[in-house]
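Taking it in order: structure first as structure tokens, then the write-up.
The values are calculated or read from the model by the stated rules, or taken from the named source; none is laboratory data. Just so you know, these numbers come straight off a predicted model, no measurement behind them. Neighbour counts run over all protein chains shown; Cβ positions are idealised from the backbone, glycine included. Calculation scope for accessible area: heavy atoms of the full protein, side chains included, ligands and nucleic acids excluded. Shrake-Rupley method; radii C 1.70, N 1.55, O 1.52, S 1.80 Å.
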Amino acid sequence: IYNLGAMSHVKVSFDVPEYTGEITGLGALRILEALRALGMMNVKYYQASSSEMFGISKAPQNENTLFQPQSPYGCAKLYAYWITKTYRSAYKMFACNGILFNHESPRRGETFVTKKIVRAAVKIKLGLQDKIILGNLDAKRDWGFAGDYVKAIYKIMQHSEPDDFVVATTEHHTIREFAEKVFKKLDLNFDDYLVVDNRYFRPNEVPDLMGDPTKIKNVLGWEPKVKLDGLIDMMVAEALKEENAKLRANS
């Protein structure tokens, strides 16, 4: 069982904290307890844990870094993380945590900042939009390709023993740097179109997330293949393809 289910938007978790706790936190418990109650302790269980659990802890973060979550989402993920470890210890279940740092792809939802930036830049390039509205541009994140991270998840579940692993790239960039790279790919100057709006700032900001994947590299032989520029290339290419298809359909 791969439990990827969550209310997964950090900013939205401040608006619906109880729902976030029910789905993101207690959802994991319900699956684990169902397995226990049914006597299915031989079933492997994967919990999608999050770098947001580290919160304001100093980067780089690894499996031994102090957890200091700063959002209802991060707190709920931390509960799911610990209940997974508890069931592993108490009932000898094959229950694992993958602590994934930000994983992106062309399929990323448009409410997430990476896809929002890519989509806006493409629309500006095509004359369909004239500005992009963002919040905190100084937050640093460790962005990797979701396809690489899925392979890491699979390796975690094939390991001989249940364990917990940080999955990350060892690089971090500010949101501004990410946006500048995207706009530059389209021969645009990011600052010409930028509007900063306080509505998009979180009540608690997490300044710097960068993972140290030394353990998963040494134990499972996993390393990310796609660098940030390659990730941006595929996101921009797909967004251009989608928007051009819409234009052709409406012409």
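In the stretch 217-235, the qualifying residues are those that are of a type in the set (A, V, I, L, M, F, W, C) and touching a Pro at 6+ places or on another chain (Cβ under 9 Å), and the one that is farthest from Glu180 (Cα to Cα) is Trp222.
Pull up the stretch 116-160, narrow it to residues that are touching a Gly at 6+ places or on another chain (Cβ under 7 Å) and within 23 Å of Pro106 (Cβ to Cβ), then point me to the one that is most open to solvent (accessible area, probe 1.4 Å). Give the derivation first.
So the first thing to find is which residues in the stretch 116-160 are touching a Gly at 6+ places or on another chain (Cβ under 7 Å), and the list is 142, 152-153, 156.
Filter again for within 23 Å of Pro106 (Cβ to Cβ), leaving 142, 152-153.
Values: Asp142: 0, Ala152: 0, Ile153: 18 Å².
The qualifying residue most open to solvent (accessible area, probe 1.4 Å) is Ile153.
Can you tell which of Phe178, Phe201, Phe190, Phe165 is buried (at least 19 other Cβ atoms within 10 Å of the Cβ), closer than 19 Å to Thr111 by Cβ and not aliphatic (A, V, I, L, M)? Write out each step before concluding.
Working: Phe201 fails: buried (at least 19 other Cβ atoms within 10 Å of the Cβ); Phe190 fails: closer than 19 Å to Thr111 by Cβ; Phe165 fails: closer than 19 Å to Thr111 by Cβ.
None of the other options fit; the residue is Phe178.
Here Val195 fulfils each of the conditions (1) out of contact with any strand residue (DSSP E or B) (no Cβ under 9 Å at 6 or more places or on another chain); (2) closer than 16 Å to Gln129 by Cβ; (3) surrounded by fewer than 16 Cβ atoms within 10 Å (Cβ to Cβ) apart from (1). Within the stretch 232-251, residues that are over 15 Å from Phe145 (Cα atoms) reach partners that are surrounded by 12 or more Cβ atoms within 10 Å (Cβ to Cβ) with beta carbons closer than 6 Å, at six or more positions or on different chains, in the pairs Ala239/Val118; Ala239/Arg119; Ala239/Val122; Leu240/Val122; Glu243/Val122; Glu243/Leu126.
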